[in-house]
Amino acid sequence: DAKTTQPTSMDCAEGRAANLPCNHSTISGNEYVYWYRQIHSQGPQYIIHGLKNNETNEMASLIITEDRKSSTLILPHATLRDTAVYYCIVLKQRTNQFYFGTGTSLTVIP
Amino acid sequence: NAGVTQTPKFRILKIGQSMTLQCTQDMNHNYMYWYRQDPGMGLKLIYYSVGAGITDKGEVPNGYNVSRSTTEDFPLRLELAAPSQTSVYFCAIRGEADTQYFGPGTRLTVL
């Protein structure tokens, strides 16, 4: 099964870029990497996803290494509202199951 | 959380009681999921469905049952509640580009 590992927690100064890493060394060729975040006890919210190319949207950028064994979510200008738990997820298409990692608790400091 | 509703929002059960957690979507998507989230932990998949009449087990299915008679509804049943089932339960659908949309959650306490 394609599991992910993430640091337990990180801090980031407000206005600075937040770089959140994720390891997914057992990822298969057709599996995508998804990032979600969860604020307080709300349902997780989709941020971005990618296969092997770098991706950018209005919320964040996703950098995937060439060997696809790791990725980094970048929040370019972190705000206090970005304080949340961030989950890196691999879509294992064969079983249709999303495997949530341990998540990184990001605290944006004023 | 638009398009995915869950009821109830909160519930307290006694050990051995049963209940059904409701999940309804109005987005006409085939894939639906049930997760549980224990305090301070990530989400774990309980059951999922790829369409009406089709369900399959996830990581932690023991103690739960599901059914999927319509595209819109995917109820989760607890037959004999145990304290270990105290958790927050999230329902989700899988939409375009395989992104998941989550409901607001049901907070369940078993005493």
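Couple of notes before you dig in:
- Residue within segment B:68-83 that is under 30 Å from A:SER9 (Cα atoms) and not polar (S, T, N, Q) present: yes
- One residue from A:VAL108, A:VAL90, A:VAL33, A:VAL85 being within 11 Å of the chain's Cα centre (by Cα) and in contact (Cβ under 8 Å) with a residue 60 or more places away in the chain: A:VAL90
- Residue check for A:THR104: over 23 Å from B:ILE93 (Cα atoms), among the hydroxyl-bearing types (Ser, Thr, Tyr) and surrounded by fewer than 14 Cβ atoms within 10 Å (Cβ to Cβ): no
- Given (1) facing chain A (nearest Cβ under 10 Å); (2) surrounded by 21 or more Cβ atoms within 10 Å (Cβ to Cβ); (3) β-branched (Val, Ile, Thr), index of the condition B:ILE46 fails: (1)
- Strands (runs of 3 or more DSSP E) lying entirely in segment A:35-110 (those with 2 or more residues that are closer than 28 Å to B:GLY58 by Cβ and facing another protein chain (nearest Cβ under 10 Å)): A:45-50, A:84-92, A:97-100
- Filter result (polar (S, T, N, Q) and touching a Phe, Trp or Tyr at 6+ places or on another chain (Cβ under 7 Å)) within segment B:10-40: B:GLN37
- Residues satisfying the stated conditions in segment A:14-51, i.e. more than 22 Å from B:ALA92 (Cα to Cα), surrounded by fewer than 19 Cβ atoms within 10 Å (Cβ to Cβ) and modelled with pLDDT under 90: A:THR26, A:SER28, A:GLY29, A:ASN30
- Residue that is surrounded by the fewest Cβ atoms within 10 Å (Cβ to Cβ) [pool: residues in segment A:67-96 that are within 21 Å of A:THR56 (Cβ to Cβ), at pLDDT 95 or above and hydrophobic (A, V, I, L, M, F, W, C)]: A:ILE74
- The single condition among (1) more than 24 Å from B:VAL50 (Cα to Cα); (2) in contact with a strand residue (DSSP E or B) (Cβ under 8 Å, 6 or more places away or on another chain) that A:GLN97 does not satisfy is (1).
- Test result for B:GLY105, surrounded by 17 or more Cβ atoms within 10 Å (Cβ to Cβ), within 16 Å of A:TYR36 (Cβ to Cβ) and within 11 Å of another protein chain (Cβ to nearest Cβ): yes
- Within segment B:5-99, strands (runs of 3 or more DSSP E) holding 3 or more residues that are in contact (Cβ under 8 Å) with a residue 24 or more places away in the chain: B:10-13, B:19-25, B:32-37, B:43-51, B:76-78, B:87-94
The values are calculated or read from the model by the stated rules, or taken from the named source; none is laboratory data. Since the structure is predicted, the reported quantities are computational estimates derived from the model, not experimental observations. Here Cβ is always computed from backbone atoms with ideal geometry, including for glycine, and neighbour counts include all displayed protein chains.
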